[in-house]
Amino acid sequence: MRRRSAGSSLTLTGRGGIVVILGGGLLAQLVGSAAHLGFLPGLGFVVACAVAAATTRGGDLLTVVVSPPLVFLVITLVSEFLGAIGEPSVSRSMLVGVVTTFAARAPWLFLGTVLAIVLAVPRGLPATLRALRTVRPVAQAETGADRGAGSAKGAGSAADDDPVRWDN
C-alpha cells in the first residue's frame, strides 16, 4: 500500500486489492455462517469488491476487475472445506456445498464483479486497456544497439524504465 500525495486515503496495488476482496469476502463468509445470516457473505463480497476497485491504483485496475470470480471460488472452497470437516464424506460434502453456494450466491458474484467494473471505469480502466493493447511483443522490441547514446529516444525513455533486460 502507498499513501497518495494529496489526502489521507491509501492506494492499493493490484495484489493488495485482491487481498482486500479475499479477506473481506472470507471474513463475511465466516461471520455470516456463524451468525446464520445468509445475506452477509454476499454483501461482504460486494462491499470488498467495491472497496478494492475504489482504492486500487489506476494501473492495476484491470487486475482487480477480472479477479472477483476466481476470488469468489477460493472463498467458496475454503469455507466449504471448513464446513465439511467432521462430515462422513468430506469430498461429497464439499461438492454439494460448492454447487449450492454457487447456485445461491451467483447474483452476489455478478453484482460484485459489475460494481468493480463500474467503479473502475471512471478511475482509468479504459486507459489501462488501451495501454495493454499498445504493448509491443518481445520479438518486436528494440535491440540493444538502438538504446545507445546516439539514440533519438535518449535517457528516460520507456525502454530505459523497464527493469527487466532480455538482451543481457
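When the stretch 95-124 is filtered for residues that are among the charged types (D, E, K, R) and either open to solvent by 80 Å² or more (accessible area, probe 1.4 Å) or within 19 Å of Leu26 (Cα to Cα) (or both), only Arg105 remains. Is it the case that Ser89 is modelled with pLDDT under 95 and closer than 16 Å to Leu30 by Cβ? Answer is no for this residue. In the stretch 39-50, the residue that is least open to solvent (accessible area, probe 1.4 Å) out of those that are closer than 14 Å to Thr101 by Cα and free of Cβ contacts under 8 Å to residues at least 60 places away in the same chain is Leu40. The set of residues in the stretch 86-133 that are farther than 25 Å from Val47 by Cβ and assigned to a loop (DSSP other than H, G, I, E, B) comprises Gly86, Glu87, Pro88, Ser89.
The values are calculated or read from the model by the stated rules, or taken from the named source; none is laboratory data. Keep in mind that what you see is a predicted model, and the values were worked out from it rather than measured. Cβ atoms come from the backbone with ideal geometry, glycine included; neighbour counts cover every protein chain shown. Heads up: the accessible areas ignore ligands, DNA and RNA and are worked out on the full protein's heavy atoms, side chains in. Shrake-Rupley method; radii C 1.70, N 1.55, O 1.52, S 1.80 Å.
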